[in-house]
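To keep things clear, I will list the structure first and then write my remarks on it.
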């Protein structure tokens, strides 16, 4: 499934598609672990913590990839990086009108993960049934649903790609009734459990309400008994948080993941949490959850380890997070060894660079995700 570049005819014309550069930029920036997994699974090479796999070019029948060595103090592509080697990873079938680049990429992802024994994305239709809906905090709307039996009960951040089907969506600027493609949004499960009385799996899906957005309109329009459909599911990368001193960073879109983490926390060390909200009252979302037994033993956890930032139109999110983190590290005898965070795309890009420079963590120990993009 892999070739050396010498075996491939690179006089062939690269893939011609409108969003190719955007796709390559996004994957190279946000999905380096997946690209490393391709190299590890389909070649005899193993990508180390101080090497970066990236897409060099896309062709109809595969991906040309670079593996670049970096200095040990910086995990980003800089002028000090050095090209180590190139690899060509074959698609299972050439891209055509019936087989898109995204579908081929997901196929590679599934195949490589299965080969390495890792969890990854699933392309599978699932159905949820709405039982109830209410506000869990001033701006977080909770859907209570009956979920499929295959729903993970103990995986914080497990996400489903929902099809937003509601008459009210045609009124939004993001969608029209004439659109052929259904509007879709990822939402993580706040929690899932097996109901003792019915033995069915039930779950909470918490949707952040901020203006007349498609997700908010959809969620609030759902009635008891409504069927909602998902077409894809994705496991969040949280395994690294089981040991070491952890830092969790979230905004309203990732609050459900952090809330679930705090309810299921088994790491002997309590995490440091930085939560950013637009409405100061939304921090109640974390103050009203049931902490894990491990965290309940720390009587001052919420007081000492939960830091709240209020986001305003003039807030520099990265600057405020780093200032708060430096203050906390000066006050507490902590050495951060693991990070998980999810925010808006532009904030994540700048925050990732700052955290790498300040904490010097490996790619595996610092998972910083884009959960949404400002329009």
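The values are calculated or read from the model by the stated rules, or taken from the named source; none is laboratory data. Since this is a predicted model, take the numbers as computed values, not measurements. Cβ atoms come from the backbone with ideal geometry, glycine included; neighbour counts cover every protein chain shown.
Hey, can you tell me all the residues within region 219-230 that are surrounded by 15 or more Cβ atoms within 10 Å (Cβ to Cβ) and in contact with a strand residue (DSSP E or B) (Cβ under 8 Å, 6 or more places away or on another chain)?
219, 220, 222, 226, 228, 229, 230 - these are the residues of region 219-230 that are surrounded by 15 or more Cβ atoms within 10 Å (Cβ to Cβ) and in contact with a strand residue (DSSP E or B) (Cβ under 8 Å, 6 or more places away or on another chain).
Taking the criterion of being surrounded by fewer than 17 Cβ atoms within 10 Å (Cβ to Cβ), touching a strand residue (DSSP E or B) at 6+ places or on another chain (Cβ under 9 Å) and assigned to a loop (DSSP other than H, G, I, E, B), the residues of region 121-141 that qualify are 123, 124, 125.
Is it the case that region 243-254 has a residue that's surrounded by fewer than 15 Cβ atoms within 10 Å (Cβ to Cβ) and under 30 Å from residue 328 (Cα atoms)? Walk me through it before giving the result.
Kept after step one, since they are surrounded by fewer than 15 Cβ atoms within 10 Å (Cβ to Cβ), are these residues of region 243-254: 243.
Now drop any that are not under 30 Å from residue 328 (Cα atoms), which leaves 243.
Looking for residues that are surrounded by fewer than 15 Cβ atoms within 10 Å (Cβ to Cβ) and under 30 Å from residue 328 (Cα atoms), one finds at least one in region 243-254, hence yes.
Does residue 360 fit the bill of being in contact (Cβ under 8 Å) with a residue 12 or more places away in the chain and within 17 Å of residue 309 (Cα to Cα)? Against the criterion (in contact (Cβ under 8 Å) with a residue 12 or more places away in the chain and within 17 Å of residue 309 (Cα to Cα)), residue 360 does not qualify.
Criterion first (touching a strand residue (DSSP E or B) at 6+ places or on another chain (Cβ under 7 Å), at pLDDT 95 or above and either closer than 30 Å to residue 202 by Cα or surrounded by 13 or more Cβ atoms within 10 Å (Cβ to Cβ) (or both)) does residue 108 satisfy it?
Working: touching a strand residue (DSSP E or B) at 6+ places or on another chain (Cβ under 7 Å): yes; at pLDDT 95 or above: no; either closer than 30 Å to residue 202 by Cα or surrounded by 13 or more Cβ atoms within 10 Å (Cβ to Cβ) (or both): yes.
The answer is no for residue 108.
With a requirement of 3 or more residues that are surrounded by 16 or more Cβ atoms within 10 Å (Cβ to Cβ) and out of contact with any helix residue (DSSP H, G or I) (no Cβ under 8 Å at 6 or more places or on another chain), the helices (runs of 4 or more DSSP H) lying completely within region 261-375 that satisfy it span 317-331, 345-359. Taken as a whole, region 214-223 holds at least one residue that is farther than 26 Å from residue 295 by Cα and assigned to a loop (DSSP other than H, G, I, E, B).
Report, by residue number, each residue of region 44-64 that is free of Cβ contacts under 8 Å to residues at least 24 places away in the same chain and surrounded by 17 or more Cβ atoms within 10 Å (Cβ to Cβ). First the steps, then the outcome.
If we filter region 44-64 for residues that are free of Cβ contacts under 8 Å to residues at least 24 places away in the same chain, which is where we start, we get 44, 46-48, 53.
Of everything in region 44-64, those that are free of Cβ contacts under 8 Å to residues at least 24 places away in the same chain and surrounded by 17 or more Cβ atoms within 10 Å (Cβ to Cβ) turn out to be 47, 53.
Take residue 211 and tell me if it is at positive phi, surrounded by fewer than 22 Cβ atoms within 10 Å (Cβ to Cβ), at pLDDT below 95 and not in a strand (DSSP E or B). For residue 211, the condition - at positive phi, surrounded by fewer than 22 Cβ atoms within 10 Å (Cβ to Cβ), at pLDDT below 95 and not in a strand (DSSP E or B) - is met.
Applying the criterion of being part of a strand (DSSP E or B) and within 13 Å of the chain's Cα centre (by Cα) to the residues of region 224-247, the residue that is nearest to residue 343 (Cα to Cα) is 234.
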